[in-house]
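Here the structure comes first, spelled out in structure tokens, and everything after it is commentary.
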Amino acid sequence: MDLQTVWFILIGILFTGFFLLEGFDYGVGILLLFLGKDDIDRRLIINSIGPVWDGNEVWLITAGAAMFAAFANWYATMFSGFYLALVLMLLALIVRGIAFEFRSKDERPAWRTLWDWMIFVGSLVPALLWGVAFANVVRGVPIDAEMQYVGGFWNLLNPYALLAGLAAVSAFALHGATFLGLKTTDELLERAEKAAAWLWLPTVVLVLAAMIAGIFATDIFSQRGALLWVVAAAAFVALLAAGWFIRARRHGWAFIMSSLTIALTCITVALGLYPRLMVSSLNPEWNLTIYNASSSEYTLRVMGIIVLIFLPIVLLYQGWSYWVFRKRIGREDELEY
């Protein structure tokens with residue numbers, strides 16, 4: 001296995017970890033206005049992710065840094081081509097982060113409602129845009145022989161990408177509802193269970209529709225032979241199993257199945273892309289691959305040593321933080337307003 005393949009796998013792992021962890025953050029933010037019937041409920045919902053949401057975003061920062069270091073041409077093409085969409089996503093994430101901090105600075109209901117809406121918008125927009133972005137990566141975008149994106153913003157808003165974006169929003173909302181099933185008590189727990197049960201069927205429909213559309217809109221299902229079909233089928237089976245565990249009120253297993261759905265979907269996309277990084281809709285010879293977009297061998301080796309040293313530290317710290325804040329929270333707990 002060459003260094004380019006190793007780094008492709010590593011970046012895939014980083015994005016998978018990001019979508020697993022930040023995915024339930026987005027879901028909780030999307031559900032905030034619907035499950036929080038009063039200020040205390042909404043404070044509880046926010047507190048369920050309060051100790052971990054910013055740590056979860058470290059996975060995205062690390063993935064972006066790894067892209068820049070290992071595949072600089074991929075980083076340049078993707079970030080320049082998706083510039084407006086990524087700026088919109090960045091603004092949404094900034095507003096979301098500010099909202100978490102500013103909400104408690106004033107007790108007026110109008111003030112808190114404003115920032116609750118900002119949390120909702122700041123969670124919904126990135127969830128949608130991530131689905132749109134990766135659907136375009138596998139579908140193909142206009143990239144010329146110089147590895148330059150030559151399309152516009154509206155090229156990204158095609159029917160397949162929008163369908164994938166809606167599927168991502170629904171899947172993340174379901175993921176957030178199963179997470180709240182692990183973290184809340186009493187009436188809020190009951191609402192989270194009902195939300196998960198209600199979201200499951202639309203998520204199944206949207207994910208299945210996106211998979212079927214992907215067969216016709218992309219070539220990823222013609223890659224890797226039976227292996228890719230097995231992984232994709234396993235992702236869908238995990239989603240079906242999540243519905244059973246939701247109805248059985250097996251909160252831990254429901255969250256595990258939701259997590260497996262997201263992880264196996266990421267693996268499906270990675271298998272379908274490899275060794276490509278971005279597909280050119282103009283000419284297959286202009287695809288960005290792990291070889292023509294790669295940094296030097298020396299850079300890959302040095303960065304590999306750095307990752308081997310620091311990644312275990314980050315994983316241990318994040319695992320510790322989840323362990324410390326593992327217990328359920330309810331109205332009987334002392335809240336930070």
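The values are calculated or read from the model by the stated rules, or taken from the named source; none is laboratory data. All values derive from a computational prediction rather than experimental measurement. We place every Cβ from the backbone using ideal geometry, glycine too, and count neighbours over all the protein chains shown. For accessibility, only protein heavy atoms count, side chains too; no ligands or nucleic acids. Shrake-Rupley method; radii C 1.70, N 1.55, O 1.52, S 1.80 Å.
Restricted to the range 73-111, and to residues there that are touching a Phe, Trp or Tyr at 6+ places or on another chain (Cβ under 6 Å) and over 30 Å from TRP286 (Cβ atoms), the residue that is most open to solvent (accessible area, probe 1.4 Å) is PHE102.
In the range 265-309, which residues are assigned to a loop (DSSP other than H, G, I, E, B), within 22 Å of the chain's Cα centre (by Cα) and crowded, with 19+ Cβ neighbours inside 10 Å? Residue satisfying the conditions is VAL279 alone. Among the residues of the range 179-225, just one is touching a strand residue (DSSP E or B) at 6+ places or on another chain (Cβ under 8 Å) and among the charged types (D, E, K, R), namely LYS183. Per the listing VAL207, VAL237, the residue uniquely within 25 Å of LEU157 (Cα to Cα) and within 20 Å of the chain's Cα centre (by Cα) is VAL207. Restricting to the range 1-29, give me the number of residues that are open to solvent by 10 Å² or more (accessible area, probe 1.4 Å) and either closer than 24 Å to ASP106 by Cα or β-branched (Val, Ile, Thr) (or both). Total meeting the criteria: 5. Please work out if VAL125 is part of a helix (DSSP H, G or I), open to solvent by 50 Å² or more (accessible area, probe 1.4 Å) and closer than 13 Å to LEU88 by Cα. No, not satisfied. The sole residue among TRP323, TRP244 that is modelled with pLDDT of 95 or more, over 20 Å from ALA135 (Cβ atoms), out of contact with any Gly (no Cβ under 6 Å at 6 or more places or on another chain) and open to solvent by 60 Å² or more (accessible area, probe 1.4 Å) is TRP244. Does the range 30-44 contain at least one residue that is small (Gly, Ala, Ser) and open to solvent by 20 Å² or more (accessible area, probe 1.4 Å)? Among the residues of the range 30-44, not one is small (Gly, Ala, Ser) and open to solvent by 20 Å² or more (accessible area, probe 1.4 Å), which makes the answer no. Counted as qualifying within the range 1-93 are the helices (runs of 4 or more DSSP H) with 2 or more residues that are in contact with a Leu (Cβ under 9 Å, 6 or more places away or on another chain) and modelled with pLDDT of 95 or more, namely 3-35.
Against the conditions (1) farther than 21 Å from PHE134 by Cα; (2) in contact (Cβ under 8 Å) with a residue 40 or more places away in the chain; (3) surrounded by fewer than 20 Cβ atoms within 10 Å (Cβ to Cβ), ARG224 satisfies every one except (1).
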